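Remarks on the structure that follows.
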Amino acid sequence: MKTALLFARRCALLCTVLLAMTTRPALAAPVVYLAGDSTVMSYASGNYPQQGWGGRIGDVFPSGVTFSNHAIGGRSSKSFVDEGRLAAILQMIKPGDYLFVQFGHNDDYSDPRLHTDPFTSYKNYLAMYIDLPRQYGAIPVLVSPMGKRRYDSSGQFLNDFVNRTAAMKELAREKSVPLIDLNALSIAFYNSVGVAATTDVFLWLPAGQYTRFPNGVSDGIHFQEYGAGQLARLVAQGIVENRLGISSLIGTVTYPAEAGALAGAGTVRERTYGGWQGRGYVRFPTTGGFMTLNQVIGRQSGWHTLRIRYANGSASVRSGQLVVNGVTSAISFNPTGAWSTWATRTVWVNLRAGTANAVSLRSTGSGLANIDTLTVY
């Protein structure tokens with residue numbers, strides 16, 4: 001019975017495609033359509049600070065591409081189709097456009113309007129998001145569901161979507177379709193920053209701070225603006241790793257220092273002094289402190305401008321080391337007059353094309369400056 005219903009829905013969608021199909025010329029600027037749930041959708045200002053990665057992905061693409069976010073809360077791969085939302089996208093999609101698809105969170109619910117089985121109906125529904133856009137010359141891209149804020153006693157984050165991610169990867173191989181493994185990328189990111197820092201990523205808010213959430217909230221599924229921005233950066237990383245055509249349109253990428261991996265006693269994320277962006281800055285010990293950004297995007301192989309936002313409230317120059325893909329050079333930061341006064345230090349760095357880049361800052365005796373952001377141009 002379930003197979004018959006799924007076949008009927010697929011036939012109905014195919015009829016919609018055939019009836020609507022006309023010669024659709026490709027546009028100069030591709031449109032990236034997003035199909036997904038509440039972790040992807042864009043939120044209006046009245047919901048601040050809640051946001052999905054689909055509401056921030058445009059930040060990484062300054063021009064040349066348009067994002068059309070059709071993601072909506074509470075939907076699964078099944079219900080999005082059943083409600084006609086995929087059909088609505090198919091009415092608009094054109095050759096050269098993209099359809100990014102991320103479902104999984106709501107597919108796990110027992111509600112028959114939402115539920116799919118990972119290796120059967122989940123794959124069958126996802127196949128619709130692949131086969132039908134391809135009939136218009138569009139490019140489907142699967143995105144595995146990101147991890148939740150759940151971790152074990154050792155502070156390692158758990159994967160709640162092992163089977164769904166495996167099923168999606170299986171389908172991607174069968175259909176030769178690009179897959180952005182946001183599941184693996186997100187969990188690796190959570191582990192790199194640690195449990196405490198993920199309260200800035202997820203919708204984990206104190207009472208009395210935001211109008212939309214007067215009583216506060218401890219939500220380990222959804223994201224605040226900052227977290228959505230970091231997830232969008234991971235999606236951009238996946239776009240580059242899959243060598244999608246739009247990867248050449250990625251603009252400047254800003255990496256918050258506090259989103260890096262920290263090492264060395266006394267290297268801490270801090271908010272003591274004001275004026276920082278993101279969710280704080282990194283303070284280094286006099287020596288032995290490390291902050292590393294992995295999978296930094298290089299739009300092409302060669303020299304890039306790296307702009308470091310820092311504060312040095314001391315009266316003297318603070319120096320340390322900048323390490324890029326294993327190559328070490330000295331770097332210094334002039335005084336800024338106060339620890340809450342921020343300036344930028346611009347250097348040239350040699351990056352590989354793609355994401356196989358690591359950028360580190362190290363304190364080596366004078367404490368380094370407080371580091372806010374690193375932006376690659």
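The values are calculated or read from the model by the stated rules, or taken from the named source; none is laboratory data. All of these numbers come straight from a predicted model, not from anything done at the bench. All Cβ positions, glycine included, derive from the backbone under ideal geometry; neighbour counts span all protein chains shown. Only protein heavy atoms, including side chains, enter the accessible area calculation; ligands, DNA and RNA are left aside. Shrake-Rupley method; radii C 1.70, N 1.55, O 1.52, S 1.80 Å.
How would W53, W348, W339 line up by accessible area, probe 1.4 Å, largest first?
W348, W339, W53
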(message) Restricting everything to alpha-carbon atoms, can you work out Rg to Rh for the stretch 316-377 with a Kirkwood hydrodynamic radius?
(response) 0.98
(request) Quick one: go through the stretch 340-377 and flag any residue whose amide nitrogen is under 17 Å from the point 7 Å out along the Cα-to-Cβ line of S316. (result) 363-370
(request) Taking amide H positions as placed in the peptide plane 1.01 Å from N, state which residues far from R75 in sequence (5 or more) or on other chains have amide H under 5 Å from it. (result) S38
(request) Alpha carbons only, please: Rg and Dmax for the stretch 99-254, in angstrom. (result) 16.9, 51
(message) Which entries of K78/K148; K94/K169; K148/K175 have Cα-Cα distances beyond 24 Å here?
(response) K94/K169; K148/K175
(message) Give the separation of the Cα centroids, the stretch 224-294 to the stretch 136-174, in Å.
(response) 22
(request) Project the alpha carbons of the stretch 238-304 onto their principal axes and report the range along each, largest first, in whole Å. (result) 43, 25, 21
(message) Sort 257-268, 224-235 by the packing proxy (mean of other Cβ within 10 Å over each peptide's residues), most packed first.
(response) 224-235, 257-268
(message) Using a Gaussian network model on the chain with a 10 Å cutoff between Cα atoms, which of V317, V65, V141 fluctuates the most?
(response) V317
(message) Could you derive backbone 3J(HN,Hα) for the stretch 70-80 from the dihedral phi with the Karplus parameters 6.51, -1.76 and 1.60 (θ = phi - 60°), listing whole Hz in sequence and x where the residue is Gly or Pro?
(response) 9, 5, 8, x, x, 9, 10, 4, 6, 5, 4
(message) Can you divide the C-alpha Rg of the chain by 2.2 N^0.38 Å and report the result to two decimal places?
(response) 1.06
(request) Any chance you could give the angle, 0 to 90 degrees and rounded to 10, that helix 225-241 forms with the longest Cα principal axis of the chain? (result) 70
(request) Would you mind telling me which residue in L90, L205, L293 has the biggest mean-square fluctuation in a Gaussian network model of the chain, where springs connect alpha carbons within a distance under 10 angstrom? (result) L205
(request) Name the most mobile residue of A87, A166, A35, meaning the one with the largest mean-square fluctuation, in a Gaussian network model of the chain with Cα contacts below 10 Å. (result) A166
(request) Set the Förster radius R0 to 30 Å, insert the Cβ-Cβ distance between S332 and D59 as r into 1/(1 + (r/R0)^6), and round the FRET efficiency to 0.05. (result) 0.45
(message) Can you compute the equivalent ellipsoid semi-axes for the stretch 249-377, i.e. the square root of 5 times each eigenvalue of the Cα gyration tensor, sorted largest first and rounded to whole Å?
(response) 23, 15, 14
(request) Just order 352-359, 238-245 by mean Cβ neighbour count inside 10 Å, highest at the front, would you? (result) 238-245, 352-359
(message) Let me make sure I get this right: for the stretch 28-168, a, b and c are the square roots of the gyration tensor eigenvalues over alpha carbons, sorted descending. Under 1.5 in a/c it's rounded, otherwise prolate if a/b > b/c, else oblate. Which is it?
(response) oblate
(request) Beyond 13 Å, what share of the Cα-Cα pairs of the stretch 184-257 is found? Please give it as a whole percent. (result) 71
